[in-house]
């Protein structure tokens with residue numbers, strides 16, 4: 001029984017490692033419109049960085065130069081690596097439901113729904 005619990009724990013923790021780290025938003029498309037690289041200056045939802053922590057916590061930040069919690073959307077996430085599904089529950093009561101595709105060790109693409117918006121986010125890993 002202990003072996004089964006350990007195997008489940010390792011399986012759960014290994015999913016954390018898949019997304020864990022800092023990611024740069026290479027391209028953000030909202031409702032079919034590519035967001036300009038300067039959109040973060042006036043739109044808090046024009047994310048430039050996404051941070052996934054190892055304990056299923058995440059932060060979506062608009063500022064590419066510094067981390068300021070007052071500007072960010074933070075929350076918890078669940079990642080199903082078998083179905084490549086990501087569900088983020090933000091502390092602001094917003095949710096993001098996305099499918100992850102084109103996933104490599106250094107890149108991935110999120111396509112999903114955030115509120116009433118459809119999103120397509122291309123990410124590149126900055127660090128683990």
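The values are calculated or read from the model by the stated rules, or taken from the named source; none is laboratory data. Keep in mind that this is a model prediction, so the values were computed, not measured. In this analysis, Cβ positions are derived from the backbone assuming ideal geometry, glycine residues included, and neighbour counts consider all displayed protein chains.
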Exercise for review: Mind listing whichever residues of the stretch 49-67 are within 17 Å of the chain's Cα centre (by Cα) and more than 17 Å from residue 88 (Cα to Cα)?
Suggested key: 63, 64, 67
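Looking only at the stretch 16-48, filter to residues that are farther than 19 Å from residue 68 by Cα and buried (at least 17 other Cβ atoms within 10 Å of the Cβ); which one of those is nearest to the chain's Cα centre (by Cα)?
Checking each candidate, the answer is 19.
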Exercise for review: Considering (1) touching a residue at least 60 places away in the same chain (Cβ under 8 Å); (2) part of a loop (DSSP other than H, G, I, E, B); (3) under 20 Å from residue 127 (Cβ atoms), say which one residue 55 fails and leave the rest.
Suggested key: (1)
Check your understanding: How many residues are over 12 Å from the mean Cα position of the chain (by Cα) and within 22 Å of residue 72 (Cβ to Cβ) if we restrict to the stretch 90-110?
Key -> 4
Exercise for review: Please find, within the stretch 58-79, the residue that is modelled with the highest pLDDT out of those that are crowded, with 18+ Cβ neighbours inside 10 Å and in a loop (DSSP other than H, G, I, E, B).
Suggested key: 62
**Study point:** Search result, residues across the stretch 33-52 that are assigned to a strand (DSSP E or B) and without any contact (Cβ under 8 Å) to a residue 24 or more places away in the chain
**Key:** 33, 34
